[in-house]
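Visitor: Could you have a look at this structure, given as structure tokens, before my questions?
Quick note: the coordinates plus some simple rules give every number you see, no bench work behind them. Just so we're clear, the structure is a prediction, and the values are computed from it rather than from any experiment. Glycine also receives a Cβ, built like all others from the backbone with ideal geometry; neighbour counts cover every protein chain displayed.
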Amino acid sequence: MKQLMKLTILSVAVGLFLTGNAVFGSENQVAESAEEVCPLLVGQSVPDVQLTTVNGSSFGLTEAIAEKPTLLIFYRGGWCPFCNMHLAELQSIQDDLRKLGYQILAISMDRPAKLRESLNEHDLGYTLLSDSAAVATKAFGLAYEATNSNTERLESYSGRDHHILPVPATFIVDTDGMIRFEYINPNYKVRVKSKVILAAAKAEVQ
């Protein structure tokens, strides 16, 4: 029954993924649209990338993941209302995830000062990380070129002019760095529900 639950959750996550001619796992590429990204998949290992904390310090992703299983989130930025709603929903399951031994790491293009604004405004109790140079976003195969309607806000929040955004993504990663669950949807308005995340997290530790 437990194995069936795991397989069902993973099938839903991957089944809701993308359509088209993408070649999955084509890392370090920048797609022309959200529908054409080529992300890492369940069973692959997360890349060893460096991010930046709200204090401006370097943060090694794989080193942090080795300490405890991780709910890893990629979101567009603090300027995106759909991202903010998702971050707030994650806050509602934070205690349950911690009891299961998980940490939550949320990555965006936002520079550290903007991350701090998000932490304070939404009273978030988990870790936000900056990928303003898009290194992690590219390495996970989530990067695409932003449209003109988003570039001005993106530049303001990231402090960069590359105009790269991540397709919003949710990963559950074990301490070996292997992706055990994922939900990636090119429609940024649709995010995986917290109850699905919690069910997947429970399935991994049982």
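Visitor: Using the Cα centre as the reference, give the magnitude of the dipole from point charges on the C-beta atoms of the chain (Lys, Arg: +1; Asp, Glu: -1; all else neutral), rounded to the nearest 20 debye.
Guide: Roughly 620 debye for the chain.
Visitor: While we're on this one: Output the lone cysteines of the chain: those with no second cysteine's C-beta under 4.7 Å from their C-beta.
Guide: Unpaired cysteines in the chain: 38.
Visitor: Let me ask something else about it. Among 52, 137, what is the fewest-to-most ranking by other Cβ atoms within 10 Å?
Guide: So the ranking, lowest neighbour count to highest, is 52, 137.
Visitor: Something else about it: Place a point 7 Å from Cα of residue 62 in the direction of its Cβ. Which residues in segment 164-178 have their backbone N less than 18 Å from it?
Guide: Residues 172-178 qualify, since their backbone N sits under 18 Å from the label point.
Visitor: Now for a separate question. Under the rule of at least 5 residues apart or a separate chain, name every residue whose amide H is placed under 5 Å from the amide H of residue 129.
Guide: Here the answer is 106, 107, 108, since their amide H atoms fall under 5 Å of that of residue 129.
Visitor: Same structure again: For the chain, what number of Lys pairs, 8 or more residues apart or on separate chains, have alpha-carbon atoms under 15 Å from each other?
Guide: 7
Visitor: Suppose the chain between residue 85 and residue 113 were pulled fully straight at 0.36 nm per residue; how much longer would it get relative to their current alpha carbon spacing?
Guide: 8.1 nm
Visitor: Using Cβ counts within 10 Å as a stand-in for footprinting exposure, how do 204, 67 rank, fewest first?
Guide: 67, 204
Visitor: Cut-off 19 Å, label point 7 angstrom out along Cα-to-Cβ of residue 161: give me the residues of segment 102-131 whose amide nitrogen falls inside.
Guide: Residues 110-111 fall inside that zone.
Visitor: Taking a spot 7 Å from the Cα of residue 176 along the direction of its beta carbon, which residues of segment 37-66 have an amide N less than 15 Å from it?
Guide: Of the residues in segment 37-66, 42-46, 66 have backbone N under 15 Å from the label point off residue 176.
Visitor: Can you sort 63, 117 by how many other beta carbons sit within 10 Å, fewest first?
Guide: Fewest-to-most Cβ neighbours within 10 Å comes out as 63, 117.
Visitor: If we count every other residue with Cβ under 14 angstrom of residue 155's Cβ, Lys/Arg +1 and Asp/Glu -1, where does the sum land?
Guide: +1
Visitor: Let me check I've understood the local charge: for residue 98, count other residues with C-beta under 14 angstrom from its C-beta, Lys and Arg +1, Asp and Glu -1. What total comes out?
Guide: Around residue 98, the surrounding residues sum to 0.
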